[in-house]
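The values are calculated or read from the model by the stated rules, or taken from the named source; none is laboratory data. Small disclaimer: the values here were computed from a predicted structure and weren't measured. Every residue, glycine as well, gets a Cβ built from its backbone with ideal geometry; the counts of neighbours run over all protein chains shown. Remember, those area values only see protein heavy atoms, side chains included, never the ligands or the DNA or RNA. Shrake-Rupley method; radii C 1.70, N 1.55, O 1.52, S 1.80 Å.
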Amino acid sequence: MIKLYSFGANLNVPDPSPFVLKINLLLQVSNQPFEVISGTQYLQKAPKGKLPYIEDGKHIITDSFFIEKHLKDTYGFDIDSHLSTEQKAISELACASLEERLYWCIVHFRWVFESNWAVIKPTFFGDMPFPLNRIIPKLARKGMIKAMKGHGIGRHSEAEILQIAASQLQAMSNLLGNKDYFFNGKLSLLDVCSYSMLAQILLPNMPSPLVDLTNQYSNLVAFCERIHTQYYS
Ligand SMILES: N[C@@H](CCC(=O)N[C@@H](CS)C(=O)NCC(=O)O)C(=O)O
């Protein structure tokens with residue numbers, strides 16, 4: 001059975017990582033039996049220092065991109081089999097855009113935005129014994145801020161980060177329109193990637209300008225609720 005190494009349900013989301021959530025949903029839809037193994041300790045064991053990774057028999061596959069490819073190559077599970085070549089190309093570019101741009105806007109509002117950090121800190125690190133509970137959250141936040149600077153998002157003001165998020169959400173909303181799914185009336189990878197990101201913004205009870213902005217796109221809110229109810233209620 002495939003083992004999915006994850007953080008575990010938290011913040012009212014099936015997983016607080018959009019990449020883990022993406023693979024969790026993909027595995028569900030693939031009908032492959034799988035077991036979710038949760039805990040931040042798996043971050044230390046992760047071959048690339050990031051979650052998710054999966055163990056499938058003798059194979060360990062890291063990164064949601066390669067896990068999706070593994071499901072295709074090993075089990076013939078192609079969630080995009082009903083898409084045209086052009087739709088597949090749009091999906092590839094749109095998923096990458098959400099994961100490389102919108103994701104970092106979410107990271108900013110979790111790790112930098114003070115009122116949300118006040119929630120994240122006890123939620124992610126509250127179980128640690130003293131003095132680790134004083135040291136580790138500070139180091140983790142410093143590490144995230146460094147990663148954000150390295151990516152580039154951390155060099156922008158909050159107003160600029162919101163402009164980037166708005167551009168992403170507007171594009172997602174325009175592409176979805178009034179449809180239930182992005183392409184051809186059936187779940188595809190772009191639905192999975194979009195849900196995985198939107199869930200991180202909309203499901204936790206952590207008010208922010210990013211949540212207010214996202215709530216302006218009623219089709220995205222309804223889409224997120226619909227997918228969530230279908231797979232995680
Ligand atoms: N490209 C990777 C991204 C995975 C990723 O960034 N995971 C984050 C959680 S959302 C992580 O494990 N971060 C821990 C760290 O950077 O220390 C994928 O698609 O799986």
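Residue by residue, here is whether (1) open to solvent by 70 Å² or more (accessible area, probe 1.4 Å); (2) on the phi > 0 side of the Ramachandran plot; (3) of a type in the set (Lys, Arg) holds:
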| position | (1), (2), (3) |
| --- | --- |
| GLU100 | yes, no, no |
| ARG110 | no, no, yes |
| VAL119 | no, no, no |
| ASN133 | no, no, no |
| ILE161 | no, no, no |
| ILE164 | no, no, no |
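Those residues that are under 16 Å from the mean Cα position of the chain (by Cα) and assigned to a helix (DSSP H, G or I), I need them from the range 204-220; list them, please.
Hits for the range 204-220 are LEU210, VAL211, THR214, LEU220.
Scan the range 20-41 for residues that are within 12 Å of the ligand (Cβ to nearest atom) and open to solvent by 40 Å² or more (accessible area, probe 1.4 Å) and jot them down.
THR40
May I ask you to verify whether LYS69 is within 13 Å of the ligand (Cβ to nearest atom), over 16 Å from the mean Cα position of the chain (by Cα) and charged (D, E, K, R)?
On the way: within 13 Å of the ligand (Cβ to nearest atom): yes; over 16 Å from the mean Cα position of the chain (by Cα): yes; charged (D, E, K, R): yes.
Yes.
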